[in-house]
Every structure is written in C-alpha cells, then in structure tokens.
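Below: the structure, in structure tokens.
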C-alpha cells in the first residue's frame, strides 16, 4: 500500500523532478566544454533557433507526436549550427554577430510560422519553447506498490521523461568515451591535431550534443533552463578549481543541487505563502543556478572574492611587518637598540601601525617597552635578511640593470618582498656604501 | 484615435489588401495610429542601426542579447509593484522604467563578473541572460497566480506586438529612439575613436570606459523603446543584423553607420507596414525577417566582401594560375607533349596564346612572352625564398603577376645577378 502523500508525490513531483535533474546533469556536463571554448552562447542560439523546425514538423505532420517534434527541432538545430559556421566563414562576420544574425532570424521565422499556424486554429505556442511546462508532466500513480512496476505503469511515463533519461545516459557515455579527446581539443586544438585527434570533428560532435540537449529539453523545461544549465554550473565550478576533472564533477553536483533546490522552492514556497498555484520551476532552477555562480564568485576557497581579499590583506600585513623590522634593523645599525614608535609613524606606509606592531610582537619579532620597540634575536635575524635582500637588489639594479643610483631605493623597497631568490652578491656593500648583512 | 490596430485589422483585413490600401499605408495615409507605429518603427530602425554599428565594432553584439533578456524581471517587478501602489500597472512608461532599471542592472552584473572573476565574456553574458530571464519567468508565474491582476499584455514584451499599440505608445517609442539617435550622433567621433584605437583614445583624453558605458546605455535605450513593438527576444536582431549587413558593403565607418541606419529604417518601415497590411504578421518577426533578407542579399551580392564576388575572384585566380602553369611548361619544354585539358586548350587559343587547339600546339608571340615572364617570376621567387627565406611571407601567392611590385629594385637586381652567376639561362631572365 502506498500512502496517500507518497502517491501524490509520485504522481505530481516525481517526473518533473526527474526531468529537471536529467536536463541539469546533461547540460551541466556538456556546458563545461562550451565555457572553456568560449562558446557558451551557442546553447542560447540553438535553443532559440529550434522554433521554426518545431512548427514546420508540426505543420507537415499535423501531429504533436514528440518524435516528430524532436526530429523537426533537431533538424533546425543542426541547420543553425551549419548556418552560423557558414556566415562566419563565407561572410567573415565576427562570431558573436554571426550567432546573433542566424538565431534571431530563425526565431523570427518560427514566430511568423506560429502566427500562420494559429490562423488554422492550431494550438501551439512559443511559450513552451521559452519556459517549458515541467508542471504538466504528471501521471496517475497506482495505490499499490506492486502495481507501480508493471508494464502498464511504465507505459504511462511521459515520452519527454524517457527522452531525457536517454539523453542523460547518452551524454554520460559521450563524456566517458571521448574524455581525453574533448579535453585536448578544448584546451589546444593544434596539439589535438598533431596527436591524430580530429579537433574539428570533436567540435562538431560537441555542437551536436549541445543541440541534442537543447532539443530533448525544450518541451519539458524550455530553452531558458537549457541556457542556464549549459553555463551556470560549469561557470560556478570553474570558479572553484583549476583542474578539469574536478570542475566536471563539481559542475554535476552544482547542476543537480540547482535542479532539486529550485524545484522544491518553486513548488513549496507558494504553498507556504498560501499562493493559489506554484511558481515556474524552470525559472526558479535557473535562479538557483545563478545564485550558485554568485556564491562561488564570492565564497570559493581558491578564486572567490573573500579568499582573494583575505590573501591580499595577509600579503599586505606581511609586507608591512617586513618593512617594520627592516626599519628597526636599520636603527640598530646606527647603534640605537630602542626605537620610539613616534619615529616610525612617518616612515611606515600603513594605516594601522598598532595592529602591525601587535602582529610582529605576536610572532616574537619585536618587544615593546613603554613607547619604544626593540628587535628580538629572531627579529634581528629576520631584519638582517630583509636588509640584505634590499641592498643586494640595489646592487643588482645599479650594476646589471643600469638604473641610476638615486632611483634604485624605491624599486628595491618593492623587490625585497618578492619570494624569489636573492640576486648574487657582487660586493660586501650596496651602491650607497652600506654593508650587506651576511646571510 | 483610441482604436487599436488590432481592432482596425479585424474590421478591415481578412484577406490580401488591395493596391490602394498598400499605397495608403506605405505613403503614410492610412490613419494616424498606423502612421505613428510605422514612423516609430522606422525611427527605432535608425537608432538600432547606428548603435548596433558601434556595438559591432566594439564586439559587443551579444551583450545586447543579455541586456534585452534582462529587461523581463524589470517589467514584471514594475507590474507587481505598481499595482498595489494604485498606479495603472499596464501604463507603458512605468513598465519601461522597470525594464530600463533591470537592463542597467544586467549590464552591471556582466561588468562585475568580468572584472571580479576569471569568467570570460561569453559566460558572463550567458549567466546574466538566463538568470535574469529566469527571475522574470518566475515573477510572471507569480503575476499569473495572483487572481486579481492578469498578466495579459506582458507577453507582448517577449514576442512584440504592434497590433496592441496605442498612438501614445508609438510616440513614446519613437521619442526614445530619436533621443538615442541624437546622442549617438553627437558622440560619434569619440565612439569611433574608441572603437578603432583604444590607446589613441586614451592619449587624446577620451575616457574609453565612459564611452563603453555610453554605448551600453544607448543599447538599453534602444532595447527598451523596441520592447513593445519587437519584443525582447527579437530586439537584439535589430541591433545586430543591420550593421552586419552594412559591413559587407563598406570599409569606412561613416558609410557603415549611414548604411546600417538605412537598413534598420528600411526593415522597420517594411516590417511595420506589412504587419499593418496583412493579417497575422507580427511586426517584430517581419521586421527581423526583412533585415534578414537584406543581410542575405548583402552577403551574396556585395561587390568586395560578398560571397559571389569572392567566388568570382577566386575562380579567376585559379584560372589565371592554370593558364600561367600551362604557358610556363610549354615555354620551358616546347617539345614535350603535355596533357592540357580541352577547355583550357580552347581558352588558350581564344586568348591568342597558342596557335592551334591541339595539345602540342606551339605558342604565339604573346604566349611566349607571358610564358617567359611567368618563368622569370618563378625563378626570382625561388631565388628569393632560398636566399632571403627568413623574411619571405610564406603565404604570398606564387603566381603574383609582377614580382617587381613585391620585391624592391635592388633586391631584384641582386637576385638576377645570383641567377646569372649560378649559370642558368641568362636570356630567360631578361624581361
């Protein structure tokens, strides 16, 4: 016996959710290569351009059979890819413009054909191409478990759902079979060619797969989700890693997360707000996918804004501490073991000197007594190292780079912080005649 | 005056229009509303043509696509916010204000993604396009689900419909397009400089990021003004197709802008009047298809960059090469029997290079002269490639008529001397 809630769920939510996940997964996987090849907008072009093929197939066969629609849309998609290439090559039109010309003319043709079809009282509208009708994919689940897995029930599975399941399997097989070829051709078509891989063929195959994604998905979820899923999960993953294999796995996770979360938000938020009907799931899923990109852009541990600014701040602090102990070291050279903080204020280019002093004290580089600072032994060694680098760089700049003596200090002030090897020592003193501390 | 075009259409046109109606519409004599829509569509075409040309030169064509999709959440939020506040939520200015704001927000998002992440422009455009449109679709479903207000009419912004346009809507659209045109013309010099040479622009004191922002702002204006008539999916076509078509005809930026504006105006005019005359012809689609036809014709027929012209040039060159090769081998080995194709034999005879149609035909005076010249060029090139191969442009055609035009005199004398010194036939190289 299947409980009523579960039966409801299976009837109304199972297939839409499955379709959403399938679309997300297959588009998300293919999208990785489009994003890497800077061809993200191909999905946009193809998914708009299927319209005339759809209408033509519908008008010619006067049936709404999914197979016919699939063929029409597929033909349209391939024609679009071919035309874009043709306009780009023969017309020497800039790629973006070529794409724009072809897909907008195709879409306009589709809209016009739709209007003509509407005249013959044909019920077909362009809306389904744009936003899809995930919510309409319900079936009536039986009340007993043993009836659920019969041939009769399976026959009730909407064709869109089985098409999408097939697509997902196809995409995964495609990725597994051609993983190496796709990777090489995406990064370096020239290298691919020298290794006997037909880079052009791989590109064509990728376009065909993109078209297959767009065509198989439009009826269930609409083109807008296809575009979002081709780009957003891959883009979010790209912001989190530098390795393609990790990026592909991450993008799959992001895609599925967006599909589930978006679907749940679309169906349950309106209930909570007691709105009469649910929200558009395809739209919501793309919003969630976009939010994932935003989240990755801000919080990604490797390339996120927070991580970047934290790295920058910590670098700034390191530089400031090095400058501080450098200054204190120079003071010790003139025999001053204690330096008053007031004397540092003018020489340090930092806003919060106190914080830097505290950090340096925590690293036991300096000790503070009253209002003056003193280098510890560890601090002395670190100061000597910095000043040694500074003076060696000055020597290098004067001797090797022919830079005038009065200009070298500021340059060396920056170079001393670089984590590179120090320049070779030319003499015991720097160009100003000051001694280079021993290493 | 308040009669919409849709009503007038259903009343008058159920079949093909008469010649009289066509002439009336095209010469703007068929009622004020129709005229206003046609004039506004033409103005929109001009504005989109000019601004699209800048977008093309700046390689920003697809940014316009993202931007137009990004207007949808603005339209729907304006509708959602305006209704409870007691405004007429259908009033065009309110909806267009919303569209403008979210369009600008979309542009800002693209800019932020480009400056703060490692993602490229195509991904940034795609993300903004799909996510903003997704927000718009969700908000549309919110509007549809709240029983009090119907979303009817908002759909027009997606596909465009001139049929439902009122006269003052058309006037608003025309005015925005006119403003965009005037701004574009006033800033034309600066925009052109930035498009062609950014560093030169900086040197002359032009702020190139400001000009970029201006171009984007103008794209927003055009998009917003065309939303109702053309729809947000197809408006991008009005920005992309006219300049891309104009590009086939000219290499000069002033001419490009004039042509692009004319093509835009023509397609706007043709689309709007056809839509007014014929039943069930949505203006947006017809405008875009008219522009598309002009694009195809330009791509095929343009004198220099056109496909047919390229084809003719290419076959001419191939023919010339075939003639040169035959004459060269006949000149070099007169006694050798060579297998020249019949059509080529005929051509050689017709041009007066050979004395008969047979394969072993002797060369005439002019045939000998041409053969000798080709042989000489060939040898000079060979010598040049051997002795100066480092600087030899690898893709220069072997059959270039006069090597003298490519190599300078000193070099040719040197090459000729080298050939003489190598003991080859001196007579041959004396031209």
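The values are calculated or read from the model by the stated rules, or taken from the named source; none is laboratory data. As the structure is a prediction and not an experimental result, all values here were calculated from the model. A quick note on method: Cβ atoms are made from the backbone with ideal geometry, for glycine too, and the neighbour counts reach across all protein chains shown.
Tally the residues that are within 14 Å of chain A (Cβ to nearest Cβ) and either out of contact with any helix residue (DSSP H, G or I) (no Cβ under 8 Å at 6 or more places or on another chain) or outside any helix (DSSP H, G or I) (or both), restricting the search to segment B:251-265. Residues flagged as within 14 Å of chain A (Cβ to nearest Cβ) and either out of contact with any helix residue (DSSP H, G or I) (no Cβ under 8 Å at 6 or more places or on another chain) or outside any helix (DSSP H, G or I) (or both) within segment B:251-265 amount to 1. When B:245, B:229 are screened for being assigned by TED's automatic domain parsing to the domain that holds residue B:155, under 17 Å from the mean Cα position of the chain (by Cα) and surrounded by 24 or more Cβ atoms within 10 Å (Cβ to Cβ), only B:245 passes.
Restricting attention to segment A:258-292 and to residues that are out of contact with any helix residue (DSSP H, G or I) (no Cβ under 6 Å at 6 or more places or on another chain) and buried (at least 17 other Cβ atoms within 10 Å of the Cβ), the residue that is farthest from the other protein chains (Cβ to nearest Cβ) turns out to be A:267. If we keep just the residues of segment B:90-120 that are more than 7 Å from chain A (Cβ to nearest Cβ) and free of Cβ contacts under 8 Å to residues at least 12 places away in the same chain, which is surrounded by the fewest Cβ atoms within 10 Å (Cβ to Cβ)? The qualifying residue surrounded by the fewest Cβ atoms within 10 Å (Cβ to Cβ) is B:115.
In segment A:174-243, counting only helices (runs of 4 or more DSSP H) that sit wholly within it, the ones holding 1 or more residues that are closer than 20 Å to residue A:44 by Cα span A:179-187, A:199-221, A:223-238. With respect to residue B:216, is the statement that it is in a helix (DSSP H, G or I) and within 24 Å of the chain's Cα centre (by Cα) true? So residue B:216 passes the test.
Tallying residues that are assigned to a loop (DSSP other than H, G, I, E, B), closer than 16 Å to residue B:320 by Cβ and without any contact (Cβ under 8 Å) to a residue 12 or more places away in the chain within segment B:331-370 yields 1. The one condition from (1) away from chain B (no Cβ under 12 Å); (2) more than 20 Å from residue A:48 (Cα to Cα); (3) at pLDDT below 85 that residue A:59 does not meet is (2). For residue B:160, the test of being modelled with pLDDT under 85 and buried (at least 22 other Cβ atoms within 10 Å of the Cβ) is passed.
Taken across segment A:219-228, residues that are more than 12 Å from chain B (Cβ to nearest Cβ) and closer than 25 Å to residue A:165 by Cβ do occur, with at least one present.
Annotation for segment A:305-312: at least one member residue is surrounded by 12 or more Cβ atoms within 10 Å (Cβ to Cβ) and in contact with a helix residue (DSSP H, G or I) (Cβ under 7 Å, 6 or more places away or on another chain). Taken together, A:126, A:117 contain a single residue that is at pLDDT 70 or above and within 12 Å of chain B (Cβ to nearest Cβ), which is A:117.
Residues in segment B:123-137 that are at the interface with chain A (Cβ under 7 Å from one of its Cβ atoms), crowded, with 24+ Cβ neighbours inside 10 Å and modelled with pLDDT of 90 or more: B:123, B:125, B:126, B:127, B:129, B:130, B:131, B:133, B:134.
Among the residues making up segment A:15-59, a single one is over 21 Å from residue B:61 (Cβ atoms) and either surrounded by fewer than 18 Cβ atoms within 10 Å (Cβ to Cβ) or outside the structural domain of residue A:248 (by TED's automatic domain parsing) (or both): A:59.
Candidates B:348, B:368, B:357: the one that is at pLDDT 75 or above, in contact with a helix residue (DSSP H, G or I) (Cβ under 8 Å, 6 or more places away or on another chain) and crowded, with 17+ Cβ neighbours inside 10 Å is B:348. Does residue A:305 qualify as being under 22 Å from the mean Cα position of the chain (by Cα) and farther than 24 Å from residue A:161 by Cα? Judged against the criteria, residue A:305 is a match.
Hey, does segment A:391-402 have a residue that's at pLDDT 85 or above and closer than 23 Å to residue A:336 by Cα? Yes, segment A:391-402 contains at least one residue that is at pLDDT 85 or above and closer than 23 Å to residue A:336 by Cα. Report yes if residue B:56 is within 7 Å of chain A (Cβ to nearest Cβ) and touching a residue at least 60 places away in the same chain (Cβ under 8 Å), otherwise no. Taking the combined requirement at face value, the residue satisfies it.
Contact map, segment B:302-330: first residue within 22 Å of residue A:86 (Cα to Cα), second residue outside any loop (DSSP other than H, G, I, E, B), Cβ cut-off under 6 Å, separation 6 or more or different chains; pairs are B:303/B:309; B:306/B:300; B:307/A:90; B:307/B:299; B:307/B:300; B:308/B:300. Residues of segment A:293-309 that are more than 10 Å from chain B (Cβ to nearest Cβ) and part of a helix (DSSP H, G or I): A:295, A:299, A:306, A:307, A:309.
Exactly one residue among A:359, A:337 is without any contact (Cβ under 8 Å) to a residue 60 or more places away in the chain, within 15 Å of residue A:322 (Cβ to Cβ) and either in the same structural domain as residue A:317 (by TED's automatic domain parsing) or over 45 Å from the mean Cα position of the chain (by Cα) (or both), and that residue is A:359. All conditions but one from (1) more than 14 Å from chain B (Cβ to nearest Cβ); (2) surrounded by fewer than 17 Cβ atoms within 10 Å (Cβ to Cβ); (3) without any contact (Cβ under 8 Å) to a residue 40 or more places away in the chain apply to residue A:72; the one that does not is (2).
Looking at B:315, B:329 in this structure, which one is farther than 30 Å from residue B:229 by Cβ, at pLDDT 90 or above and away from every other protein chain (no Cβ under 14 Å)? Exactly one of B:315, B:329 is farther than 30 Å from residue B:229 by Cβ, at pLDDT 90 or above and away from every other protein chain (no Cβ under 14 Å), namely B:315.
Among (1) in contact with a helix residue (DSSP H, G or I) (Cβ under 6 Å, 6 or more places away or on another chain); (2) surrounded by fewer than 24 Cβ atoms within 10 Å (Cβ to Cβ); (3) modelled with pLDDT under 90; (4) closer than 19 Å to residue A:97 by Cα, which single condition is residue B:234 missing? It is condition (2) that residue B:234 fails.
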